[in-house]
Amino acid sequence: MARLSTGALLRYLRGNVEEKATLQVLGMKLIDNKAGEDNQNRRYRLMLSDGKNTFSSCMLGSQLNSLIDNSELKENSIVRIEKCMCNVIDRQAGKFVLMIADLSVVVSTADKIGDPVVLPLTNISNNNLPTKSEPQDDIVVPNTTAPASKTNVIRQGSNVLPTADRLVNGKKGGNTNNTNNNNSNSTKPERIFTIDIWTIRARVTNKTAVRTWENARGKGQLFSCDLCDETGEIRATAFGSDCDKFFPMLEIGNVYYITKGTLKTANKQYNQTNNDYEMTFNHDTLIEACTEQTQIPETKFNFIPISEIAQRDPNSIVDVIGIVKSVSDIQRIVGKQSQKEFTKRDILLMDDKAKLSVTLWGQQAEEFDGSSNPVLAIKGAKISDFNGRTLSCLQSSIVKINPNIQEAHEIRTWYDNEGFEMDVEDLSTKTDRERMTPFKTIGQITSEQLGSNDKPDYITCKAICLMIKKDSVVYMSCPAENCSKKVIDNGDGTFRCEKCNASHENFKWSYMANAEISDSTGSQWITLFRNEAEALFGITPEEFGQMKSNNDEEAINAVVTKAQNNEKMFKLRIKIDNYNDEQRLRVTCVNISDVEYVNNVKQLLVDINQLTAS
DNA sequence: CCCCCCCC
């Protein structure tokens, strides 16, 4: 039976955020946001109860808004806090915000439990952390409404500060050591205090050297660093004197409380963190080292499959993980422009679908030990389009060997069990034609006049097969190997091939199917030959030909119908050619594959970001 | 307010 975790709210505010407490939602309020119409970023503030106390500065992560939208999470719901953070706004004044990064709804519809009172915020900074709930105080859900214990969870003798809410209401808290008043209407919603000052507790995962800059706007110095906490990451930069002040304070790997700073939209072109904003440290910024133990991850990776690098734009920045298949020796080269000498080392990195060459530079190259096929995780490598696709690490790239993260364990297991004997597509040896199959819509075939160059254009589009010319799916072709020329039935049991200039005793069925495919932007007739037609129909040309010989209309209809109306990825070769003095667009399908929706959506997001960035 | 990151 679910129980509320008595005392959990105080423990959270004291920093014991690892606890997965069961709490009741006594109130929720949509917070006014400046971008009022921005439905994505709307924020709810919850009043949570642990059965004994309530705390109403609990911000619900916006990714959890759907729980409210679908009424799974509502007033009096009982929830389990899966992940939260305590944001200290002003420790002395007892201003805290509990950020709910993840929760699960234990009981959606419930009655109010107990008679909790507003949590008096004591000197939370005392280190005497209760680490587990007190079972004797647990309140059974849902069939008891026993009043909360008379004992306040706050330690005897502690300095009790007024609650944040009381401060907002303009009252002095005084000694509220025993605030447990069963008559108090503690569910009365308090005003939220304005969160115009924030504090994050974050780990520095990367830091640049101090660099000087000079351009038309002036000159100066700067450094930047990447910060991450349990919920995300952000890049921060300091200029001028702020640079002098903060550079020596921040050390890679350490955790800091950072208060105040300017936020601006991130320039995705240069910012490899997964955040729409970036931070500038300014005169008001306060940075304080955090010496407590935290669960803040070392580095936040946003891995993409290696195969997806083929679809991404050159020069874009990605995170990848893979097995080091092989490693080159150190090479020394001289830069063309700079005339400086660089050292480099190439690594062949593979996952379950593809492999490619990754270049490390300088110290990273020299110190790299790739023996015994380690897992390599790279954050912030640049895609280069030399020799197909390769990756190049930057000074800012984070390269981790055998990191202790889930994805690394998964790929290790895969490689040791089966991957070691697999071969996968090599993105770094492909010809231009093979790799240049960007995602496009059918409408773009016309709008971009694809196929009008000397070389054919190759695109990949997500489309549905609308119609198939079912009478001309297969034809009788020359049985000779490497010849698929249509044969003429001599009527005497032999079949003439003009190409081989010979008559054969038999023929073979070959595919040449015509299909109309469509997406939201248009439709296009395409031709499919053996591999692609076989992928579309799911049967061999011989099987199809047999049905045709048997005049088995019903079977043919069944096969054709099944091939229609499915969404697939069509890789197309597009070329205008002359046929009987007439120009016509030939669109040949060169590959059909299933839509990988996760990758497809990621690609769409990349496209959308590029549209909004420009 | 930077935004360069190398070579075949």
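Assorted remarks:
- Filter pass, A:T527 being assigned to a strand (DSSP E or B), within 30 Å of A:T441 (Cβ to Cβ) and either modelled with pLDDT under 95 or not assigned by TED's automatic domain parsing to the domain that holds A:K575 (or both): no
- Test: residue in the stretch A:511-521 that is in contact (Cβ under 8 Å) with a residue 60 or more places away in the chain, small (G, A, S) and surrounded by fewer than 18 Cβ atoms within 10 Å (Cβ to Cβ): yes
- The one condition in (1) of a type outside the set (K, R); (2) surrounded by fewer than 22 Cβ atoms within 10 Å (Cβ to Cβ); (3) closer than 17 Å to A:K29 by Cα that A:L48 fails to fulfil: (2)
- Number of the exception - A:S518 against (1) over 20 Å from A:R573 (Cα atoms); (2) assigned to a strand (DSSP E or B); (3) under 40 Å from the mean Cα position of the chain (by Cα): (1)
- Filtering the stretch A:221-265 to residues that are more than 28 Å from the chain's Cα centre (by Cα) and either away from DNA strand B (no atom under 15 Å from the Cβ) or on the phi < 0 side of the Ramachandran plot (or both) leaves A:Q221, A:L222, A:F239, A:S241, A:D242, A:C243, A:D244, A:K245, A:F246, A:F247, A:P248, A:M249.
- Residues that are within 11 Å of DNA strand B (Cβ to nearest atom), touching a residue at least 12 places away in the same chain (Cβ under 8 Å) and over 16 Å from A:I401 (Cβ atoms) do occur in the stretch A:334-342.
- Close pairs (8 angstrom Cβ cut-off, 6 or more residues apart or separate chains): on the phi > 0 side of the Ramachandran plot in the stretch A:546-567, in a strand (DSSP E or B) anywhere: A:N565/A:I464; A:N565/A:C465; A:N565/A:L466
- Test for A:I330: is it in contact (Cβ under 8 Å) with a residue 40 or more places away in the chain, of a type in the set (V, I, T) and touching a strand residue (DSSP E or B) at 6+ places or on another chain (Cβ under 9 Å): no
- Residue identified as assigned to a loop (DSSP other than H, G, I, E, B) and among the hydrophobic types (A, V, I, L, M, F, W, C) among A:I81, A:I100, A:I113, A:I89: A:I113
- A:V375 touching a Leu at 6+ places or on another chain (Cβ under 9 Å), outside the structural domain of A:N599 (by TED's automatic domain parsing) and either within 16 Å of DNA strand B (Cβ to nearest atom) or within 14 Å of A:G322 (Cβ to Cβ) (or both): no
- Which numbered condition A:G218 misses (of (1) near DNA strand B (Cβ under 9 Å from one of its atoms); (2) surrounded by 13 or more Cβ atoms within 10 Å (Cβ to Cβ); (3) farther than 26 Å from A:K83 by Cα): (2)
- Within the stretch A:249-294, the set of residues being touching a Cys at 6+ places or on another chain (Cβ under 9 Å) and assigned to a strand (DSSP E or B) comprises A:V255, A:Y256, A:Y257, A:F281.
- Breaking point among (1) in the same structural domain as A:I526 (by TED's automatic domain parsing); (2) over 29 Å from the mean Cα position of the chain (by Cα); (3) not in a helix (DSSP H, G or I), for A:K499: (1)
- Extreme residue, nearest to A:G451 (Cα to Cα), among residues of the stretch A:592-607 that are assigned to a strand (DSSP E or B) and modelled with pLDDT under 90: A:S593
- A:Q449 meets each of the listed conditions (1) farther than 16 Å from A:Q311 by Cβ; (2) in contact with a Lys or Arg (Cβ under 8 Å, 6 or more places away or on another chain); (3) in the same structural domain as A:R586 (by TED's automatic domain parsing) apart from (2).
- Within the stretch A:278-295, if we keep just the residues that are closer than 22 Å to A:C84 by Cα and either loosely packed, with under 14 Cβ neighbours inside 10 Å or free of Cβ contacts under 8 Å to residues at least 24 places away in the same chain (or both), the residue that is farthest from DNA strand B (Cβ to nearest atom) turns out to be A:Q293.
The values are calculated or read from the model by the stated rules, or taken from the named source; none is laboratory data. The structure displayed is predicted, hence computed values, not measured ones. Cβ coordinates were reconstructed from backbone atoms using ideal geometry, including for glycine residues, and neighbour counts include every protein chain displayed.
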